[in-house]
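The structure appears below as C-alpha cells.
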Amino acid sequence: MMPALKGYAGQILRVDLTRGKILKRPLPPDLARGYIGGSGMGARILYDEVPPEVKPLSPKNHLIFATGPVTGTIYPPSGRYCVVTRAPLTGIWGEAHSGGYWGPELKYAGYDLIVIYGRAPKPIYLAIDDDEVELRDAKHLWGKNIAETTDAIEKEFGEPKPCVACIGQAGENLVRFACIVNERSRVAGRTGVGAVMGSKRLKAVAVRGSKGVEVADFDRVCELAEESHERYTTGEWGEVCQDSLYRYGTLGLVDWENEIGRLPTKGHQTGVFEHAREIGPERFVREFVVHRRSCMNCSIQCKKVSRAREGPHVGITEGPEYETIVALGSNCLVRDFPAVMRANQLCNLYGMDTISCGGAVSFAFECYDRGVLSKEKAGMPLRWGDGNAEVKLMKLIAFRKGIGNVLAEGMREAARRIGKGSERWAIQVKGLEVSGQDGRPHQSAGLTHAISVIGAAHLRALSSLDELDYRKTLTKRFGKERAKAMGDRLSTKYKGLLVKDVEDLYAVVDSLITCKYGTMWPPMFYFNDYAELLPALTGIEEFGKVKGLRIAAERIVNLKRAYNARLGLDRKDDTLPNRFLKDPMPDGPAKGKVVDLKPMLDEYYRERGWDVRTGLQKRKTLERFGLTDVAQDLTKHRRIAKG
Amino acid sequence: MPYVYCDPQLCTGCRACELVCPSVHERVFNPRLSRIRVVRLEFVIDIAITCRQCENAPCIAVCPSGALRKSRTGLVEVIAERCIGCSACSEACPFGAIELHDGKVIKCDLCGGDPACVKRCTPKALKLVSSEQVAEEERHAYVAQRTRKEVKA
C-alpha cells in the first residue's frame with residue numbers, strides 16, 4: 001500500500017489484547033494535518049478513545065506508541081518516540097519520551113503508531129517484523145528484567161536484531177512509576193507508562209523493519225539535515241554542544257545548577273549541595289566514563305557508559321543523566337557516586353523512572369528523619385545521604401516488598417498512607433514527583449512545574465532562555481523591552497508569555513519527534529526552522545508557515561489540557577508544594593526567595609486565552625484552534641469557562 | 001588503497017553513517033541498504049564495519065560469475081549485471097562487509113573518493129585512510145602508551 005502522505009509510514013497498528021486481534025489501518029490524513037505526529041497524534045486518539053471513566057490500569061485504557069514525520073529520516077536527531085496513555089501515577093494525561101533506535105525501526109517496519117488496548121489473558125509480547133505482526137507467548141519472559149528480556153527476544157528473532165521496548169519487574173508489579181525501556185538503556189520514563197503495559201500483560205514490543213521512510217522533497221530534507229548537523233557541530237552553538245553534551249552528557253549541568261542555587265538538594269529543601277563536586281561532571285569523566293554513546297542519527301551524542309571498578313557497587317551502566325544524579329544523588333543527599341550509578345542501573349534493569357523513584361527515596365528519608373517512619377516500619381534506618389539504603393530500596397520498591405510497597409504507589413499516595421503530615425514533604429505536582437529544577441532561583445521553572453500537563457516535569461515547558469539569559473535570542477523572539485525583564489531568572493515578569501511560547505515550541509518538537517537538545521538547550525531551533533522542515537518531509541503546506549505551525553502547536557497544547565479538564569483538573573491543580581511557595585530558599589544566590597506563582601499563572605492563562613479565575617478553557621479559544629468538537633464535549637462535561 | 005576505517009574508541013553507534021550511505025546511493029532513508037553497518041555489543045563496543053578494499057580480496061576470488069573485480073585505482077568494485085546473487089562473497093568476506101540486496105550485491109564504493117559517511121560522522125570515528133596511515137597512528141598510540149609514565153615525569 002502506498003502511504004497516503006509522505007514523511008509518514010502511513011499505517012496505524014491497532015492491537016486488541018483481549019481478543020488477540022491485530023488490525024492495520026491507514027493513517028488518516030486529517031490526523032497528520034491536524035496534529036503532526038508523536039504526542040500530538042497520540043493526544044487526539046487518547047481524547048477520542050479513552051473517556052474519563054476509564055481508569056489508568058483498566059483494560060480499556062489505551063497505550064499508544066507514536067513516532068512522527070522526522071523519525072527515521074536523516075534529519076538529526078531522529079531517533080525518538082513517545083508513549084501516550086492515561087497515567088497510573090497521576091491519573092491524568094500521561095506521556096513519556098525515549099530515544100534510541102526503536103522509534104525509527106517502527107517506521108521502517110511500516111507503522112507510525114501502535115494503539116494497544118484490552119488485557120491479554122496471559123503474558124504475551126508483540127512481535128513486529130515488517131508486515132508480519134503477531135502476539136507471542138511471554139510466559140518465559142515474565143519475571144525477567146530488562147536486559148534478560150531484551151537478550152531473550154533478540155535471540156528469538158535472530159539476525160538482524162530487532163529493537164525491543166519492554167518492561168521489567170516493576171512494570172509487572174504495577175509500580176506506579178514503572179517505565180518502558182528500549183535497547184536496554186533508553187527509557188520512556190515518566191508517569192508510569194510501564195505499569196499500564198504491565199496491567200495489559202504485555203511484556204514487550206519487538207520491532208524489525210526494512211522499508212525505510214519516504215519524504216516529499218528528498219533533496220530539501222538532505223539539505224536541511226546537513227544544515228542542522230552543521231549547527232549542532234560547528235559555530236557558537238555547535239561548540240558548546242560538543243564541549244558540554246558530548247563531553248559530559250546532561251551531567252555537565254550539575255556544576256552550573258549548583259552555582260545558581262538550583263540543584264535540588266535534600267528533598268528540594270535547598271538548591272545548593274556542598275558536595276556537588278563529588279557527583280559532578282569532572283569526577284564522572286575522570287573516574288567512571290568508559291565509553292560514549294548516542295541515539296539514532298544524533299549530532300550531539302550525549303550518552304555515557306559508566307563503570308564503577310571498586311567498592312560495594314561495582315558495575316557498569318548507561319548514565320546516570322543529570323535528572324538521575326539529582327533525584328538519586330543530591331536530592332537524597334547522597335554523594336556516593338557509585339551508589340547512585342548502582343541505583344541507576346537497578347532502575348534500568350527493573351524498569352523504573354529514576355526521577356520518581358529518587359523522589360520516593362528522598363520522601364522516605366525525610367519521613368524517617370522527621371520521625372514519621374520508624375526503623376521497624378522501614379525495615380532499616382533510612383538516613384539522609386545513605387547510598388546503601390537507597391540501593392536496597394530500589395529492589396524493595398520494584399518487588400513491592402515491605403516499605404517498598406508503599407513507596408511504589410508514588411509520593412502522593414505514599415504520603416496519604418503514611419499520613420502524620422507527611423504530605424508536606426511529598427514534593428509533587430498533580431501526583432508527579434518534581435524533576436531536577438527549583439522555581440525559587442528560576443521563577444519560570446516554578447511556573448513550568450505548576451502548569452505542565454503531566455505534572456511536575458521539565459520536558460513539557462522548561463525554558464533555558466531566562467535561566468542562562470540568552471538575551472540575543474530573547475530579543476529576537478520577544479523584542480528588546482521584554483527581553484530585558486525576561487532574561488532575569490529571579491523575576492516573574494513576562495514569564496507567563498515565555499513559558500507559553502516554549503510549551504508551544506515543545507508541542508511541535510514532541511510531535512515531530514526530535515530532541516529537546518537544540519530547542520531547550522541550546523536554543524537554536526525555532527518555529528521557522530520546523531516550518532521549513534515539515535513541508536519538505538510531509539508535503540503538507542499548512543506547516544510551511546510559522547503561523548500555521550503555531551496554530552497546530554496550540555491545538556495540541558489545548559487538546560492535552562482539555563483531556564485533564566475533562567477529568568476535573570483546573571486552576572487549583574496548577575500549583576506547587578509549599579516548599580517552593582512558602583519556604584524561602586535557605587542558600588545560594590536566590591536566598592530568601594520563594595516562587596511567586598500567582599502573577600505568572602495569571603499571565604500564562606491570559607496568554608493562552610483561558611479563564612484566569614478557573615484555568616478552564618474558553619469555547620472561542622478552542623474554536624480558534626479548530627477544536628469545536630472538544631468545546632462541545634467539555635460543555636457536556638461542564639468543564640468549560642463561560643464566555 | 002585507502003578505505004573507511006572506524007576507530008572503536010570514538011564510535012558511539014549513532015548509525016548516522018547507515019542513514020547517509022543509502023541516501024547518497026539509493027536516495028532513500030533506510031539503514032538496511034547501507035554499505036556500512038554498525039555493530040553494538042553491550043556495554044562498551046560500538047563499531048562501524050564496511051569494505052576494506054582488500055588487496056587480495058576473498059570476495060573477488062570466490063565470485064563465480066566475475067561480478068567483482070579490483071579497479072585500476074584499487075577499489076573492489078561490483079559489475080552489477082554479472083552478479084548472480086549467490087552470496088558466495090558474503091560467506092567469503094571475513095568482516096561481513098558485503099551482502100545482497102534485492103538479489104544484487106552491494107558494497108562500499110567510497111562514494112568516488114569522498115565518502116559521505118566520513119563527512120557526516122559526528123564523533124569523527126570514521127576516516128578515509130590507507131594502511132600506512134593507520135599503522136602510523138597505531139605506532140604513535142603504542143609508543144605514547146608505553147612511555148606514558150616517562151612522558152609524564
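Residues with beta-carbon under 15 Å from that of residue B:31, excluding residue B:31: net charge, scoring Lys, Arg +1 and Asp, Glu -1?
On the way: positive: A:107, A:161, A:208, A:211, B:15, B:27, B:32, B:35, B:37, B:40, B:120; negative: A:105, A:130, A:159, A:183, A:214, B:18, B:26, B:46, B:99.
So the surrounding residues net to +2.
Cross-link partners among aspartates and glutamates for residue B:70, C-alpha distance below 14 Å, same-chain residues fewer than 8 apart left out?
B:55, B:109
Along each principal axis of its Cα atoms, how long is chain A end to end? Whole angstroms, biggest number first, please.
Computed over chain A, the largest-to-smallest principal extents equal 63, 62, 53 Å.
Using amide H atoms built 1.01 Å from N in the peptide plane, name the residues 5+ places from residue A:304, or on other chains, whose amide H lies under 5 Å from its own.
Close amide H contacts, sequence-distant or interchain: A:293, A:319.
Output ³J(HN,Hα) for the range A:418-428: one whole-Hz value per residue in order, computed from phi by the Karplus curve 6.51 cos²θ - 1.76 cosθ + 1.60 with θ = phi - 60°, and x for Gly and Pro.
Karplus values, whole Hz, x for Gly and Pro: 6, x, 6, x, 5, 4, 5, 10, 7, 8, 9.
What pairs from A:139/A:395; A:377/A:430; A:6/A:107 go past 19 Å between their alpha carbons?
On the way: A:139/A:395 22 Å; A:377/A:430 27 Å; A:6/A:107 12 Å.
Beyond 19 Å: A:139/A:395; A:377/A:430.
Under the rule of at least 5 residues apart or a separate chain, name every residue whose amide H is placed under 5 Å from the amide H of residue B:29.
Residues meeting the criterion, in which the H sits 1.01 Å from N, are A:213.
Where does chain A land at 222 nm, in deg cm²/dmol rounded to the nearest 500, when only DSSP H runs of n ≥ 4 count, each adding -39500 (n - 2.57), divided by all residues? Present the calculation step by step, with values, prior to reporting the outcome.
On the way: 25 runs with 243 residues, N = 643.
It lands at -11000 deg cm²/dmol.
Please flag any cysteine in chain B that has no other cysteine's Cβ under 4.7 angstrom from its own Cβ.
Result for chain B is B:6, B:11, B:14, B:21, B:54, B:63, B:83, B:86, B:93, B:111, B:121, no neighbouring Cys Cβ within the cutoff.
List the aspartates and glutamates whose Cα sits under 19 Å from the Cα of residue A:21, skipping any in the same chain fewer than 8 residues away.
Excluding near neighbours in sequence, the set is A:49, A:112, A:129, A:130, A:131, A:132, A:134, A:137.
If the cut-off is a Cα-Cα distance under 30 Å, which lysines reach residue A:480, setting aside same-chain residues fewer than 8 apart in sequence?
Answer for residue A:480, where 30 Å is the Cα cut-off: A:472, A:493, A:495, A:500, A:516, A:545, A:547, A:591, A:593, A:598, listed by chain and number.
Of A:55/A:560; A:144/A:203; A:303/B:107, which sit over 19 Å apart, Cα to Cα? Kindly include the intermediate steps, with their values, before the conclusion.
Numbers: A:55/A:560 17 Å; A:144/A:203 10 Å; A:303/B:107 30 Å.
A:303/B:107, as the Cα separations exceed 19 Å there.
Fewest to most neighbouring Cβ within 10 Å: what's the order for A:392, A:430?
On the way: A:392 17, A:430 26.
Ranking A:392, A:430 by Cβ neighbours within 10 Å, fewest first, gives A:392, A:430.
In sequence order, what are the phi-derived ³J(HN,Hα) couplings for the range A:438-454 according to the Karplus relation 6.51 cos²θ - 1.76 cosθ + 1.60 with θ = phi - 60°, rounded to whole Hz, with x for glycine and proline?
Residue by residue, the range A:438-454 yields 9, x, 5, x, 9, 3, 5, 5, x, 4, 4, 4, 6, 9, 3, 5, 9 Hz.
Throughout, read-outs are computed from the coordinates displayed, never taken from laboratory work. All values reported here derive from a predicted model rather than from experimental measurement. Cβ atoms come from the backbone with ideal geometry, glycine included; neighbour counts cover every protein chain shown.
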